[in-house]
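K.L.:
Just dropping this structure here.
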Amino acid sequence: MPETKASREIKELTLLFEISTKLSETLDLQTVLQPILQMTTEYMGVLRSTLTILNRKKGEIVIEEAYGLRPEEQAKGKYRRGEGITGKVVETGQPAIVPRMSEEPLFLDRTGSRKKLNKSDLAFICVPIKIGSEVIGTLSADRLPKEETALEEDARLLAIIASSISQAVRLRQQAQEELEKVREENQRLQDALKNRYKPKTIVGNSKAMQNVYALIEQVCRTNATVLILGESGVGKERVAHAIHYHSNRAAKPFVKVNCAVLPEALAESELFGHEKGSFTGAIGARQGRFELAHQGTIFLDEIGDLPPLIQTKLLRVLQEKEFERIGGNATIKAEVRIITATNRNLEELMEKGKFREDLYYRLNTFPIMVPPLRQRKTDIMLLADFFLEKYGQEHGKKITRISTTATDMLMNYHWPGNVRELENCLERAIILCTDGVIHGYLLPPNLQRSDLNGGGERSGTFKAMMTGMEREILAEELKRSRGNLAKAARALGMTERMIGLRVAKYGIEPGKFK
């Protein structure tokens, strides 16, 4: 028996009453929305229904809740204003009825939920959720095709439901925005902490260095033993400095020991001290580095070069927190934090029997890997600016900039000596500089690539230096003229043909200066 208009209206009123009852229980959208969508879907006989909320700050529309979608499909439902049917409804504030999805080019199926279905057999209805004239989201449904008047009736009912839940949606929208503010503030505070624990002597904003700063932040306030790993010249000592000077021991001594230069015969005395007369030449008692670092930090650099006998005594210090001086009987408590560093592979040394396995596991409590410079190219120019300012002041020279050619050389070089090599290169260039500009020909010969001089001459020869200077002058003038060959030629007193020949000779691309 076909459904009468009166019975349909009664069912509709019943649905709206049940929705109103749910909303009266709570305005918490997460609690009431799923039951409301379920009731709507079952009453209307649709395949699925979704509710989206507009993020006003980002201009992004996301599916907040859905009935008939899997969680992974719901997560894909993100749109911009004006994008697809949903974005268009938010942008215009007008409902949309799509009788057949396959005939509507704006339909995106962003969730991918209709791939297994024949889109031509589905209709789509989407209505705005409004507070006054402001659109704050949408309510939509998929269903099998019906006559146009029937689809319009469905759209009318969805609009009524959208109006009923609009206040709850507004509260949810505001809650999300407040949560986002909290997250942004939390991120700001985390970034501030990173900057706080980022020492002035460590330069770099790359992701790799941000990870190092985060590890420093986590460990600095503890007393944990730290093992700093990395190639020679990456700045391991500066990381040790950062950990100490941002710790609770900052006011206490920071004692540095380079294990690689300790003579094996004197290493024990250097670290643990000796009593008067304990060996030939011991004319008086002497405190070792561990005593000098009392309540502070001792930094053992190049720990992989520590002699085997001293490794055993260091293990005791780590385990028992005590030691004796050479020739002494009194036990001295080691109230000191230990930070070690090495550029060697300690695991390989263990396999060869040159490093104690038990000591390695004691030292490796909290490892920090400092990345080589070639893995953080974005930090090169930051470091360059830092060293230019430092050595410019030291040598009494005002350096205004680094030329384009020199910048290319710095960025393209592989830096086997890492930050230390970059520092030495730039100090040398500052000493040689006469006009306040770091030119490519002022950099060391190993940075002078043969493809930069255009003639294939051996780097460092007079001819190579002259061609390098000519190429750099051309590049600098093209930079000033923004790639305009005619303007650059006039500035250099050349014809356009002459400058064109030289630009071709050196492989310079004027277009990159525009």
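The values are calculated or read from the model by the stated rules, or taken from the named source; none is laboratory data. Predicted model, so just to flag it, every value in this text is computed and none were measured. Note that each Cβ is placed from the backbone with ideal geometry, even for glycine, and that neighbours are counted across all protein chains shown.
K.L.:
Restricting attention to the range 277-289, does a residue exist that is in a strand (DSSP E or B), among the hydrophobic types (A, V, I, L, M, F, W, C) and more than 30 Å from ARG374 (Cα to Cα)?
P.N.:
Within the range 277-289, none of the residues are in a strand (DSSP E or B), among the hydrophobic types (A, V, I, L, M, F, W, C) and more than 30 Å from ARG374 (Cα to Cα).
K.L.:
Quick one: SER403 ticks every box in (1) touching a residue at least 60 places away in the same chain (Cβ under 8 Å); (2) in contact with a strand residue (DSSP E or B) (Cβ under 7 Å, 6 or more places away or on another chain); (3) not assigned by TED's automatic domain parsing to the domain that holds ILE473 bar one, so which box is it?
P.N.:
Going through (1) touching a residue at least 60 places away in the same chain (Cβ under 8 Å); (2) in contact with a strand residue (DSSP E or B) (Cβ under 7 Å, 6 or more places away or on another chain); (3) not assigned by TED's automatic domain parsing to the domain that holds ILE473 one by one, SER403 breaks only (3).
K.L.:
Something else: Output yes when any residue across the range 92-106 is in a helix (DSSP H, G or I) and either touching a Ser or Thr at 6+ places or on another chain (Cβ under 7 Å) or within 17 Å of ARG48 (Cβ to Cβ) (or both), and no when none is.
P.N.:
Residues of the range 92-106 in a helix (DSSP H, G or I): 92, 101-103.
When the remaining residues are screened for being either touching a Ser or Thr at 6+ places or on another chain (Cβ under 7 Å) or within 17 Å of ARG48 (Cβ to Cβ) (or both), the result is 101-102.
Taking every residue of the range 92-106 in turn, at least one turns out to be in a helix (DSSP H, G or I) and either touching a Ser or Thr at 6+ places or on another chain (Cβ under 7 Å) or within 17 Å of ARG48 (Cβ to Cβ) (or both).
K.L.:
Consider only pairs whose beta carbons are under 9 Å apart and that are at least six residues apart or on different chains; among these, list those whose first residue lies in the range 1-22 and is modelled with pLDDT of 70 or more and whose second residue is assigned to a loop (DSSP other than H, G, I, E, B) and not β-branched (Val, Ile, Thr).
P.N.:
Pairs found: LYS11/GLU3.
K.L.:
For the range 367-379, does any single residue satisfy the condition of being part of a strand (DSSP E or B), free of Cβ contacts under 8 Å to residues at least 60 places away in the same chain and not assigned by TED's automatic domain parsing to the domain that holds GLU421?
P.N.:
Among the residues of the range 367-379, not one is part of a strand (DSSP E or B), free of Cβ contacts under 8 Å to residues at least 60 places away in the same chain and not assigned by TED's automatic domain parsing to the domain that holds GLU421, which makes the answer no.
K.L.:
Shifting gears a bit: Can you tell me which residue is farthest from the chain's Cα centre (by Cα) among those in the range 250-308 that are among the charged types (D, E, K, R) and more than 24 Å from THR222 (Cα to Cα)?
P.N.:
LYS276
K.L.:
Filter the range 102-125 down to residues that are among the hydrophobic types (A, V, I, L, M, F, W, C) and modelled with pLDDT of 75 or more and give me whichever is farthest from ASP154 (Cα to Cα). If you could, list the steps in order and put the result at the bottom.
P.N.:
Narrowing the range 102-125 to residues among the hydrophobic types (A, V, I, L, M, F, W, C): 106-108, 117, 122-125.
Filter once more, keeping what is modelled with pLDDT of 75 or more: 106-107, 122-125.
On the way: LEU106: 21, PHE107: 19, LEU122: 14, ALA123: 11, PHE124: 10, ILE125: 8 Å.
Looking at residues that are among the hydrophobic types (A, V, I, L, M, F, W, C) and modelled with pLDDT of 75 or more, I get LEU106.
K.L.:
Next question, about the same structure. Restricting attention to the range 363-400, which residues are of a type in the set (D, E, K, R) and touching a strand residue (DSSP E or B) at 6+ places or on another chain (Cβ under 9 Å)?
P.N.:
Within the range 363-400, just ASP385 meets the criteria.
K.L.:
Any residue that is modelled with pLDDT under 80, polar (S, T, N, Q), surrounded by 11 or more Cβ atoms within 10 Å (Cβ to Cβ) and not assigned by TED's automatic domain parsing to the domain that holds GLN295 - is there at least one of those in the range 193-200?
P.N.:
no
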